[in-house]
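The values are calculated or read from the model by the stated rules, or taken from the named source; none is laboratory data. The shown structure was predicted, so the numbers you read here are calculated from the model rather than taken from an experiment. In this analysis, Cβ positions are derived from the backbone assuming ideal geometry, glycine residues included, and neighbour counts consider all displayed protein chains.
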Amino acid sequence: MPMKYVYAALLLHSWAQPVNEENVKKIVSAAGGQAEETQVKALVAALSEVNIDDALKSASSMMMAPAAAPAAPSAEGKKKEEKPAEDDKKKEDWALSSDRLEACGIAPHGVLRNRFF
């Protein structure tokens, strides 16, 4: 079912208007759409036994529920994670030391730079 009908029903509900075929058609046409008779009838029939307030509350509570915590990594997975962290630390240390060398006029590969000429 196209969402335009569901949105129309939600608008009507939020304005405390009855969700019936006539009102749904009005909302869809006011928004510039064309309402299909069979879709409107199906929506109204489906919502006739639904308490929209309860449905909205349960939907919002499902959205607010915290996500499940990820599983703890195995010992093997933990070792693999630690190694890249050590590699990153080594790269960071090298970058810092090479920056310091350049600031002193020495290139990272050991060549002196003449900053005075």
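A few comments on the model shown:
- Top-ranked residue of region 24-36 - restricted to ones that are free of Cβ contacts under 8 Å to residues at least 12 places away in the same chain and part of a helix (DSSP H, G or I), ranked as surrounded by the most Cβ atoms within 10 Å (Cβ to Cβ): LYS26
- No other residue among LEU10, LEU43 is part of a helix (DSSP H, G or I), modelled with pLDDT of 90 or more and within 28 Å of the chain's Cα centre (by Cα) apart from LEU10.
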